[in-house]
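Read the structure below first, then the notes.
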Amino acid sequence: MFKSLKKHWIRIVLGLALTLFFAVENYGFFNIPFIGQLDNIIYDARLKLTMPGGIDDRIVILDVDEKSLNMPELGRWPWSRDKMSRIMDNFFDHYAVKEVGFDVIWAEADQSSGLGKLQDLAKKELKGSKEFSATLEKIAPKLDYDGMFARSLQDRPVVLGYYFNSNDDATVVGSLPDAAFTKDDMTGYDAQFPLRKGYGANLPILMKDFPLAGHFNPTVDQDGKIRRVPLIAQFGDNYYESLAMAMFRLAKGVDHPDFDRKGHMPDNLPGPALLPEIDPKQSGNKLSIEAVGIGNTLIPTDTITNVMVPYRGGRGSFKYLSLGDVYYKNIPQEQLKNKIILIGTTAPGLADLRATPVGGLFPGVEVHANLIAGMLDSDLGLIKSTPNYMSFLLLLAIIVLGVALSFMIAMMSAGLGVGVFVLAIVASVALNFYAWNSGFALPLASLLLLSFLIYLANVGYGYFVESRGKRQLTDLFGQYVPPELVDKMAEDPLKYSMAARKTQLTVLFADIVGFTSISEGLSPQELTEFVNGYLTEMSFVIRSNGGTLDKYIGDAIMAFWGAPIDDANHGYNGVLTSLKMQEKLAELRASYKERGWPDIKVGLGLSSGDMTVGDMGSKIRKAYTVMGDNVNLGSRLEGATRQYGVWILVSEATKNISEGILFRAVDMVRVKGKNVPIRIFEPIGVESELSAEKKEQITKWNDMFTLYQKQAWDEAQAILDQLLAVEPEFKLYNVFAERIAFFKSNPPGADWDGVTKFETK
């Protein structure tokens, strides 16, 4: 026994060191982001495996969708408040709904009736007209749409929505409701709520006689997904309840057996209580919040009242109906009677889409619906709990498992070691699922990682030591740059870091032309496949040509060359990539056409010069990205492609460092925000690969452009006519044909500099 310990002491010590490491991390001395990310992945997997599925018919989402916006009497959103007043009357008088919650804000006054202008006339031009003033006083209530809407909400079971803002430039708009808790209520609790610096709330007239409202701020995890929603948010010295909690309290009040005024606001609502309760006579250590109590319902939370959203399924787990149909009473009464109503928006341009464990384009209103449904089914344990004492149990499990594996795997044969490792993994997963089904969401990543690392430390110690630098670089840069570049960086990892620096780079922006109209013609599933296919193919082209993928901005792509690995040919490589992207788009366009999807065209803009590159962002989320004036110029050039009918535009700086590429001069422009004009060009292709005819065509064009700038209109027109004879539909040719015709009739003068000014970004 002693000889075996002596023989394997390094492996045992490695295992014990890993155990100590995970124990200290779990205790909170430091934080390993990857462990949290892995726990999020495990959480999502457990959630998807155990979701009940189906449609919950207790809650109905009334949607401001395209159908509603196309109804002639309603039109663009937001609708006038007189129409919303009629909708509210229909909800309660015609449909007899249980309650209504708004996932929208009424922050601006409704001026559509013209009442304000009439009142101005009464004060100014028609000040002396008693008849006008009397008539205005008589009809004013009918034109006061905000007052009409406020009256339709009064004494009805309705919850308005609003949001808090944590940005430094946050403003205060509208009126907040009464606070759920005050600073005194929090005395005795150890809770550090996020700092809120402003809010966007509803008009004071709507809140004056209607105090019930809830915030709809989610908690966004580091991966951008919404798994939790805070039941309580702090602003100043007060604490305010969420939309879901306010609606649940209202539902409890409406359903109370002693309440018989359906369609009206209950006189008494169950108030929220923080648990465990604080004994006012007791002093000493502060307690951590573990739950929020509402009547006889206990909702488990973390120490700052975040509650895990019990998603019942993917998008569409609740019935969606068009809000416009309520206005016209087109919906059968039985579909809404005694239902909890949530009003939200999914129309393009209005949609509040979020990333969640169950979908990347998930309506925010449905997050609230899932949480309300979970509260209604609190006895089923759908809302998972993570009690504070679970941290101690996890620490104990780490120590026991780590010590056992450290000795057993080190001292056993390879075969038995594999068996023990597999058994440890299976047991950890099984116990974790048992806890989940019992209502507890326990971390699992630490136990799995500990088991895995102890096993690997025994079978591959040398490998891990030698490749540590490569793993670190992969963690930092793997999602941005191609694997082959990571391999090259691993040869000398000390040369590379994510620290910000200023250097010469080339940036590329790519954006789908007319994406809004494309999205309107596809179903959500088709749109997802459409965008994912495009982004995947373009990203492969960028990475295969040495580019660093910066980010996706909706359907847009941002990439750059020259960092983290220096690239003396960053301009050439960026331009070559843009040409290959257009080639790949031709293949993609044919594939999409076979599926009956819309044609896809993409504008690309490239700019080169000094830029700042590094790991930038907030404490919540960072990214390896580039910033600077030349970055903005690349974006401007991408947007300018539509004006000329060319699909790639580059700055003169990019053109000058892209030797071997043939360019067409496009224009001399002054972009918005810049005083100094720049020349912009279209890359045609690698010069050695182009035909003589193509080269001659570009030479003619460039000659024409030179004559155009010299105001030699007739000579320029003669060359342009030759080019138009070959390509009469080419937009760039036609743009200059129109310019030349205009300038021939309206000479610009001797001081004309040939510059076109862009008024928009």
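The values are calculated or read from the model by the stated rules, or taken from the named source; none is laboratory data. Given the structure is predicted, the values throughout are model-derived calculations rather than measurements. All Cβ positions, glycine included, derive from the backbone under ideal geometry; neighbour counts span all protein chains shown. These area figures cover heavy atoms from the full protein model, side chains too; ligands, DNA and RNA do not enter into them. Shrake-Rupley method; radii C 1.70, N 1.55, O 1.52, S 1.80 Å.
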Problem set entry | With every protein chain in place, the stretch 38-103: carbon and sulfur % of accessible area (1.4 Å) | 50 percent
Exercise. By how many nm would the segment from Ala718 to Glu689 grow when fully extended, if each residue of separation counts as 0.36 nm and the alpha-carbon distance is taken off?
Worked result: 7.6 nm
Exercise. Looking at the square roots a ≥ b ≥ c of the eigenvalues of the Cα gyration tensor of the stretch 170-311, which shape do they give, rounded for a/c under 1.5, prolate if a/b is larger than b/c, or oblate?
Worked result: rounded
For this session: Starting with the highest mean, order 519-525, 378-384 by the number of other Cβ atoms within 10 Å, averaged over the residues of each peptide.
Result: 378-384, 519-525
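Roughly speaking, what is the stretch gain from Val418 to Leu396, that is 0.36 nm per residue apart minus the C-alpha to C-alpha distance, in nm to one decimal?
Numbers: separation 22, 0.36 × 22 = 7.92 nm, distance 2.34 nm.
Value of the extension gain: 5.6 nm.
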Exercise. Are there trypsin sites (Lys or Arg not before Pro) in the stretch 537-621 that DSSP puts in a loop and that have at most 11 other Cβ atoms within 10 Å, and which ones?
Worked result: Arg595, Lys619, Arg621
Seminar exercise, completed: With every protein chain in place, the accessible area of Ile12 for a 1.4 Å probe, in Å² rounded to the nearest 10, comes to 10 Å²
Exercise. Of the beta bridges DSSP finds with both residues in the chain, what % are antiparallel, to the nearest 5?
Worked result: 65 percent
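If you average the sequence gap of Cα pairs under 8 Å that are 6 or more apart and divide by the length of the chain, what percent do you get for the contact order?
On the way: 1268 pairs, mean separation 90.5, N = 761.
After rounding, I find 12 percent.
Based on Cβ point charges of +1 for Lys and Arg and -1 for Asp and Glu, what charge dipole magnitude is obtained for the chain about its Cα centre, in debye rounded to the nearest 20?
The dipole of the chain has a size of about 1060 debye.
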Exercise. Can you work out the FRET efficiency for the pair Asn338 and Gln154, with r the C-beta to C-beta distance and R0 = 35 Å, to the nearest 0.05?
Worked result: 0.95
For this session: Report the calculated FRET efficiency for Gln711 and Glu108 (r = Cβ-Cβ distance, R0 = 35 Å), to the nearest 0.05.
Result: 0.10
For this session: Mark the label point 7 Å from the Cα of Lys622 along Cα→Cβ and return the residues of the stretch 15-44 whose backbone N is within less than 15 Å of it.
Result: 31-34
For this session: Note the full-extension length gain between Glu652 and Phe730 as 0.36 nm times their separation in residues minus their Cα-Cα distance, in nm to one decimal.
Result: 25.8 nm
Seminar exercise, completed: Using a 1.4 Å probe on heavy atoms of the protein chains only, the accessible area for Asp753 in Å², nearest 10, reads 90 Å²
Exercise. Lys593 versus His94, label points 7 Å from Cα toward the beta carbon: distance in nm?
Worked result: 4.8 nm
Seminar exercise, completed: For Lys252, Lys329, Lys98, the accessible-area ranking with a 1.4 Å probe, largest leading, is Lys329, Lys252, Lys98
Problem set entry | the stretch 523-600 versus the stretch 144-211: alpha-carbon centroid distance in Å | 44 Å
For this session: Please label the shape of the chain as rounded, prolate or oblate, based on the square roots a ≥ b ≥ c of the eigenvalues of the alpha-carbon gyration tensor (a/c under 1.5 means rounded; beyond that, a/b larger than b/c means prolate, else oblate).
Result: oblate
Exercise. Rolling a 1.4 angstrom probe over the protein heavy atoms, how many square angstrom per residue are accessible across the stretch 637-758?
Worked result: 50 Å²
For this session: Could you please state how large a percent of the accessible area of the stretch 651-761 is carbon and sulfur, counting protein chains only and using a 1.4 Å probe?
Result: 50 percent
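Classify the stretch 163-230: rounded, prolate or oblate, from the alpha-carbon gyration tensor (a ≥ b ≥ c, eigenvalue square roots; a/c under 1.5 rounded; otherwise prolate if a/b is larger than b/c)?
Taking the square roots of the gyration eigenvalues as a ≥ b ≥ c, the stretch 163-230 is oblate.
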Exercise. How many nm separate the modelled label positions at Asp185 and Lys672, each set 7 Å beyond the Cα in the direction of the Cβ?
Worked result: 4.5 nm
For this session: Please give the per residue accessible area of the stretch 163-210, computed with a probe of 1.4 Å over protein heavy atoms only, in Å².
Result: 56 Å²
For this session: Give the cross-link partners of Lys339 among the aspartates and glutamates, using a straight C-alpha distance below 17 Å as the criterion and excluding same-chain residues fewer than 8 apart.
Result: Asp56, Asp57, Asp63, Asp89, Asp93, Glu99, Asp103, Asp255, Asp260, Asp325, Glu366, Asp377
Exercise. When the helix-only estimate is applied to the chain (DSSP H runs of n ≥ 4, each -39,500 (n - 2.57), divided by the residue count), what is the mean residue ellipticity at 222 nm, nearest 500 deg cm²/dmol?
Worked result: -13500 deg cm²/dmol
Seminar exercise, completed: With all protein chains present and a 1.4 Å probe, the order of Glu108, Glu687, Glu682 from largest accessible area down is Glu108, Glu687, Glu682
Exercise. Glu696 versus Tyr328, label points 7 Å from Cα toward the beta carbon: distance in nm?
Worked result: 6.3 nm
Problem set entry | Over the stretch 163-272, relative contact order from alpha-carbon pairs under 8 Å, at least 6 apart, % | 27 percent
For this session: Would you please put 48-54, 347-353 in order of how densely packed they are, using the mean number of other Cβ atoms within 10 angstrom per residue and starting with the highest?
Result: 347-353, 48-54
For this session: Could you calculate the FRET efficiency of Leu49 with Phe452 from 1/(1 + (r/R0)^6), where r is the beta carbon distance between them and R0 is 22 Å, rounded to 0.05?
Result: 0.55
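Taking a 28 Å limit on the Cα-Cα distance, which of the listed pairs Lys83/Lys262; Lys225/Lys329; Lys225/Lys580; Lys98/Lys329 fall beyond it?
The pairs that break the limit, which is 28 Å between Cα atoms, are Lys225/Lys329; Lys225/Lys580.
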For this session: Keeping every protein chain in place, order Val686, Val158 by accessible area at 1.4 Å, biggest value first, i.e. largest first.
Result: Val686, Val158
